[in-house]
Amino acid sequence: MALPPTVSLRTANRILSLGRSTGYGLAKRGEYPCKVLKLGNAYRVVTAGLQRLLTLDEAAEEHAPTTPSQGHGSIPTQEEARADCCCHCRCRSLQVS
């Protein structure tokens, strides 16, 4: 995907599936998920930050823990929950005494 160093806020909103009002509101409050430059009355989103954000999203999806196939509404056992956990902080709270 060949993009210039910055893209319009409208383009970034479309890439991130953000609505116009939401995207502009986030940019105005300084809460946009990647770096935004305000040039006069226009907002420009730094392409490198946008690409990094998208790469992180893709990596998170690839490494998301999966639950074993279970019947609808069944609750995983503590062992299954520990096996699927991607961080160990939650696993410690699930350990059986």
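With 0.36 nm allotted per residue and the present C-alpha distance subtracted, the Lys35-Ala59 stretch has 6.7 nm of extension available. Within the full protein context, the accessible area of Lys35 is estimated at about 130 Å² for a probe radius of 1.4 Å. Approximating the spin labels as points 7 Å out from Cα along Cα→Cβ, the Ala42-to-Leu3 distance works out to 1.6 nm.
The values are calculated or read from the model by the stated rules, or taken from the named source; none is laboratory data. Source: prediction; values computed, not measured. Cβ sites come from the backbone with ideal geometry, for glycine too, and all protein chains shown count toward neighbours. The accessibility values were calculated without ligands, DNA or RNA, using every heavy atom of the protein model including side chains. Shrake-Rupley method; radii C 1.70, N 1.55, O 1.52, S 1.80 Å.
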